Each structure stands twice: as structure tokens, then as C-alpha cells.
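Step one of this worksheet: look at the structure below.
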Amino acid sequence: MTHCITHACGHEQAHYIPGSTSEKARKARWLTTTKCRACFVADRKAEDAAAGALDDAAVAHLCLAPLVGSERQVGWAASIRAKRLARMVQAAGGGDPDPACVAVGDARWWIDHRDLSDADLLTKARAAAPAYVPAGDGAARHAA
Ligand SMILES: [Zn+2]
């Protein structure tokens, strides 16, 4: 049976609630304490955007290689890269991440390696970034 629940956010949403009468009542009561799906999704998007903005700020000082790939790949890779590098910056106590990671601009590479540990990512980055030339000041420099 479908129940029309008024959620904590004030919106109504229909829910199919299976189970015994007491289970239905308990679930229906619990649902009134939660937000509707639309508000839940909006909250998640806002949280993701806020986290993404923090990641972007944490890596804004780095000279990142321009991402290359399809528009969709570049958009996805940008958030993956910012998240990973922000974590490396944090792990380095605010210091710069390994220049090899900063030098990788292949969007697909970031997407394909998004689940690797930081150590494995670094190993792959060092292998993937032959164009990286260490400069005297230790900053990444890209071959044109
Ligand atoms: Zn709502």
C-alpha cells in the first residue's frame, strides 16, 4: 500500500511501505523525521559542491597540467584530481604533492586510476609523466 508521507522538510512524497501493520506504522513515523527525496538529493549536491570547492581551493596554488580529454572526461577528472591532490597536500602538512601527480594532464588517466591508493597513484604518475622535468626549485615544469 502506498502512503503519502509529509517529511520533515514539509514536502509530501508517496512511499510504498511493505510489512505488517505495526512495521508500516513504524516506518511511516520514521519517514516523517527524514527529508523527501528531492531535498535529500539537493543536500547531497550542495555537500558535494562544497567539498569540491574546498578541494579546488586546496590545490589552487599548484601549477596543474591542463586536462586533456572529452568535455565529460575533463569535468570528471578535474574533480577526481582536485580531491586526490587536496588529500596529498593535507598529508604533506600543507606542502606540495609529488610533481609527477601535478604533471599528469590525461583526463582518462585520472578516471582510470581514481580508486588507487595514494602510493600506487604516485607510482603510476611517475611512470606516466615522462614529460615532467624537475626544475631547480623543485616545481613541476612541462615540456611544450
Ligand atoms: Zn523536501
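The residue among 31, 46, 79 whose Cα reaches farthest toward the positive pole of the charge dipole of the chain, with charges on the beta-carbon of Lys, Arg, Asp and Glu, is 31. Where only DSSP H runs of four or more residues are counted, the chain gives -17000 deg cm²/dmol as its mean residue ellipticity at 222 nm, each run worth -39500 (n - 2.57). As a length-normalised measure over Cα pairs under 8 Å and 6 or more apart, the relative contact order of region 34-91 settles at 42 percent. Computed extension length for residue 61-residue 8: 14.9 nm, one decimal, from 0.36 nm per residue of separation with the Cα-Cα distance subtracted.
Would you work out the relative contact order for region 1-103, in percent, from Cα pairs under 8 angstrom that are 6 or more residues apart?
Here the relative contact order equals 20 percent.
Positive contributions from Lys and Arg (+1) and negative ones from Asp and Glu (-1), summed over other residues with Cβ under 12 Å from the Cβ of residue 111, come out at +2. Cysteines of the chain lacking any other cysteine Cβ under 4.7 Å from their own Cβ: 4, 36, 63, 101.
Protection proxy ranking, highest mean first, for peptides 15-28, 75-88: 75-88, 15-28, where packing is the per-residue count of other beta-carbon atoms within 10 Å, averaged. Remark: region 44-59, residue by residue, has Karplus-estimated 3J(HN,Hα) of 4, 5, 5, 5, 4, 5, 5, 5, x, 5, 5, 4, 4, 5, 5, 10 Hz, where x stands for each Gly or Pro and the curve is 6.51 cos²θ - 1.76 cosθ + 1.60 at θ = phi - 60°. For residue 106, the residues whose amide H sits under 5 Å from its own are 68, ignoring neighbours fewer than 5 places away on the same chain, with H placed 1.01 Å from N. Listed values for region 94-106 are Karplus-derived 3J(HN,Hα) couplings in whole Hz (6.51 cos²θ - 1.76 cosθ + 1.60, θ = phi - 60°), namely x, x, 6, x, 4, x, 4, 5, 5, 7, 7, x, 7, and x replaces Gly and Pro. Sorting 66-74, 105-113 by average packing, meaning the other beta carbons within 10 Å per residue, from highest down gives 105-113, 66-74.
Just so you know, all these numbers are worked out from the coordinates, no wet-lab data involved. If you're wondering where the values come from, they're calculated on a predicted model, not measured in any experiment. Neighbour counts run over all protein chains shown; Cβ positions are idealised from the backbone, glycine included.
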